[in-house]
1. Report the residue count in the stretch 246-270 for those that are more than 23 Å from the chain's Cα centre (by Cα) and more than 21 Å from ASP221 (Cβ to Cβ).
2. Mind listing whichever residues of the stretch 187-235 are within 21 Å of ASN21 (Cβ to Cβ), among the hydrophobic types (A, V, I, L, M, F, W, C), in contact with an Asp or Glu (Cβ under 9 Å, 6 or more places away or on another chain) and in a strand (DSSP E or B)?
3. If LEU4 passes every condition in (1) touching an Asp or Glu at 6+ places or on another chain (Cβ under 8 Å); (2) modelled with pLDDT of 95 or more; (3) surrounded by fewer than 16 Cβ atoms within 10 Å (Cβ to Cβ) but one, which one does it miss?
4. Does the stretch 145-172 hold any residues that are polar (S, T, N, Q) and either more than 16 Å from SER73 (Cα to Cα) or under 19 Å from the mean Cα position of the chain (by Cα) (or both), and which are they?
5. Check whether at least one residue in the stretch 23-34 is more than 14 Å from the chain's Cα centre (by Cα), modelled with pLDDT of 90 or more, polar (S, T, N, Q) and not in a strand (DSSP E or B), and report yes or no.
6. Within the stretch 137-144, is even one residue under 15 Å from the mean Cα position of the chain (by Cα) and either within 14 Å of TYR168 (Cα to Cα) or not charged (D, E, K, R) (or both)?
7. What tally of residues in the stretch 123-164 results from selecting those that are assigned to a loop (DSSP other than H, G, I, E, B) and either farther than 17 Å from PHE57 by Cβ or of a type in the set (Asp, Glu) (or both)?
Amino acid sequence: MSELTSMEDFPKTFKKFYSCNENSFAALKNRYFWAAFPYQFNDPFDCSPILWDNNSFLKNGLDRNTSLQNILSNTGIVCLNNPQEEFENLLWGYYTDQSGFSVEFNQGQLSMDFSKGQGTYLEKVKCYKKSDFEKFRYSKDQHEFSLEVIKWIKQKEDIWEMENEWRYIFFDCNYVPGLQSGDIKTRKKGYSKEAIRSITLGIKFFEGYLLDKTENGFIYDLSKSENKFTIEILKLLTEDLNYKMKWMHLTQDLRMEARSVNLKNENPDRIEIEYL
């Protein structure tokens, strides 16, 4: 198992994939990530408390599950990706059903924005066979225990390797989901507008409600959309034209390709998408 990731290995950019829902709209509008509590992940092998050596807690007179819940209450995780192009389609399917959007971030600016917090780490997720998973031990030494927590958080099963996942790990959160205790704002990790490099809309983002094609694009009918957050996201993006916009489309040789576009909202019920 490796130690902490070297800064020399940090990629220049990250991507975050979103579905069109209330949480995604709020995160984009207010420019923040939700720093998840370790037990919030859907993958049962991701941040599993079973990977902690129970005896190391018992020797210190502690119950493993209760102690971890209390100790990890200040821990938050933001998951981002730096996928190879050949695997990006899978992430669009997993996280957006091809109908959401992705945001590309400048890693340097993002890390600078997060450096204002206390105890923030950027780590590459390491993927292994379950049989090779490492066990972790409780330690009274705070620094040593923090390193164990970090290594635990960045360990996943090898079926996820193609995601090329990276995680920002925070130790300054003060809110436990489910218990509704503490300050929920401490799990909302804000970033600057300069951290966003581009925003890409999914290949099915406009599906079903296209109106007339224009000479250099097409028109989207907002009035017929069944997802109000698709509408809100589009209105937000047309209000702020400083973002570099793209739209995924399928080429004739069956490749998914991000095409640069411009969004115009001259009519309250219509969005004009112009190819660049």
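1. Total satisfying the criteria: 6.
2. ILE196, ILE199
3. Status for LEU4: all satisfied but (2).
4. Across the stretch 145-172, the qualifying residues are GLN155, ASN164.
5. Scanning the stretch 23-34, I find at least one residue that is more than 14 Å from the chain's Cα centre (by Cα), modelled with pLDDT of 90 or more, polar (S, T, N, Q) and not in a strand (DSSP E or B), so the answer is yes.
6. There is no residue in the stretch 137-144 that is under 15 Å from the mean Cα position of the chain (by Cα) and either within 14 Å of TYR168 (Cα to Cα) or not charged (D, E, K, R) (or both).
7. So in the stretch 123-164, the residues assigned to a loop (DSSP other than H, G, I, E, B) come out as 125, 129, 133-135, 137-141, 154, 164.
After this cut, where a residue has to be either farther than 17 Å from PHE57 by Cβ or of a type in the set (Asp, Glu) (or both) as well, the list is 125, 129, 133-134, 141, 154, 164.
Total satisfying the criteria: 7.
Here is a yes/no grid of residues against (1) under 16 Å from the mean Cα position of the chain (by Cα); (2) part of a loop (DSSP other than H, G, I, E, B); (3) basic (Lys, Arg):
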{"site": "LYS15", "(1), (2), (3)": "yes, no, yes"}
{"site": "CYS20", "(1), (2), (3)": "yes, yes, no"}
{"site": "SER56", "(1), (2), (3)": "no, no, no"}
{"site": "ASN65", "(1), (2), (3)": "no, no, no"}
{"site": "SER73", "(1), (2), (3)": "no, no, no"}
{"site": "ILE77", "(1), (2), (3)": "yes, no, no"}
{"site": "GLU88", "(1), (2), (3)": "yes, no, no"}
{"site": "VAL103", "(1), (2), (3)": "yes, no, no"}
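The values are calculated or read from the model by the stated rules, or taken from the named source; none is laboratory data. Note that the coordinates shown come from a computational prediction; the quantities given were computed from them, not determined experimentally. Note: ideal-geometry Cβ built from the backbone for every residue, glycine included; neighbour counts use all protein chains shown.
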